[in-house]
1. For Ala88, all conditions in the list (1) without any contact (Cβ under 8 Å) to a residue 24 or more places away in the chain; (2) within 20 Å of Val358 (Cα to Cα) hold save one; what is the number of the exception?
2. Residue check: is Glu116 within 25 Å of Ile211 (Cα to Cα) and acidic (Asp, Glu)?
3. Given the conditions (1) at pLDDT 80 or above; (2) at negative phi, report the number of the one that Asn174 does not fulfil.
4. From the list Tyr351, Tyr341, Tyr322, which residue is closer than 18 Å to Lys302 by Cβ and either touching a Ser or Thr at 6+ places or on another chain (Cβ under 7 Å) or of a type in the set (S, T, N, Q) (or both)?
5. Report, by residue number, each residue of the stretch 337-357 that is hydroxyl-bearing (Ser, Thr, Tyr) and touching a Phe, Trp or Tyr at 6+ places or on another chain (Cβ under 7 Å).
6. For the stretch 184-211, enumerate the residues that are modelled with pLDDT under 90 and touching a Cys at 6+ places or on another chain (Cβ under 9 Å).
7. Given the stretch 7-120, what strands (runs of 3 or more DSSP E) lie entirely inside it while holding 1 or more residues that are aromatic (Phe, Trp, Tyr), at pLDDT 95 or above and closer than 18 Å to Asp133 by Cβ?
8. Do you know which of the residues in the stretch 46-55 that are hydrophobic (A, V, I, L, M, F, W, C) and without any contact (Cβ under 8 Å) to a residue 40 or more places away in the chain is nearest to Ala117 (Cα to Cα)?
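The values are calculated or read from the model by the stated rules, or taken from the named source; none is laboratory data. No experiment lies behind these values; they were computed from the predicted model shown. We place every Cβ from the backbone using ideal geometry, glycine too, and count neighbours over all the protein chains shown.
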Amino acid sequence: MDNPLKFAGITGVGADSEGTIYVANSVVNAQECAGGCSDLRAFNPDGSLRWRAKGLLFVNSAVVDPNSDGTIIYTSYYKFKMDYSKPAGQDWEVIATSINPFDYPDDPRLLHSTEEAFDIRYINENKYLYLSDMYTNAFFIYRFDGEIAVPCAVFTAAYGWNGDEYNRLIWHWNRNRPPGPRWMWVDRNGDATATSDEFETFDIGRFVEAIDVDKEGNIYMGNGGNQSGVWKFPANHYDSHGNPQYSASSITKIVDVGHSVATMKWLEDTDLFICGNNWKISEIDIWENWSKPSRKSVRKIKTITGDNLHPESITADNEYVYLSYMGVTGPNGTSGEIAVYRIADGVFMGYILPGPEVENHSGWLDMNQPTKVFVRPNGERIITVEEDHAGKILIYSWRPPDN
């Protein structure tokens, strides 16, 4: 991956009077620099590398490969290897790029933004990558063939606010796609190419804000705005290529939770369902027995809100829920703040804040799901957070008091 003479997405070549050659790469041409950005290299006259500067991320989130004990992290395009024994900033390296525009020219990542690395699941011994964009306008499912993520399904999601216009841009050049803002594509023959017989339309109402995926690859969507439904998109089965076979006819509405579902997380091991009650989350709603007809809301956690405070997204592990504050400032006057609550009793545990490694500063959290958490076997949490000021991902290590 780090061969300095291997280039991707060259955007410019130049030289100076001393014979130094400069090469600018975008890595992948995509909208909003979602995973492309910059890889700048300078070469001596003899062709040896003089220096290299990478700016690979902007408005991106990251997710841990659950089979890696926290040492492998994916973004929309890149696979990173972490060595936590090294100093901060020197502890990562890119070891693979997951996109192949030559074999898979229909890959949605080539056509528009897919900033959010949402989840990684292993199903039937196959690895799957789930992506979205910063506003959850669409949801993308990929299966892996070696290091390459191969597109196998797409759902338009948001439909409302700017989502209806955005969704019309997905494969806008592909006249096989049905008209309208609410449709799904599923690869039925394994060629990863969208054809007219692979599209279906569906209707679950406007304003989808929350999405989740379970261990079997079933997709869940929650209505925002003035709606309050949670919908299930069963994977049904996986074909011989490893493609999940979603269908419009199998979509079901699980429950109406009684309020907007701005963000959500189902914890399958404990069968708890956690959701935020609005775009500006004032309560975190915790349900038990989520997979059973006896499901019910058992606890609500009040959050800290205010005129300039925007608690907008949650994620969770089996013990704690993590509330991300969007925009310029959080309760402590810092961008990128995360409040942590204990699920069992709603007790506030404290804040996760940017530290001296980044001069105690973070840019905005500016996407619907900026924060992901992974629990290592020793109880340590690896928490990845979007960072919009300096174009990076912040990675926090947290050991709860009980550990």
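1. (1)
2. yes
3. Result: Asn174 passes all but (1).
4. Tyr322
5. Tyr341
6. Within the stretch 184-211, none qualify.
7. Per the criteria, 72-74.
8. Ala53
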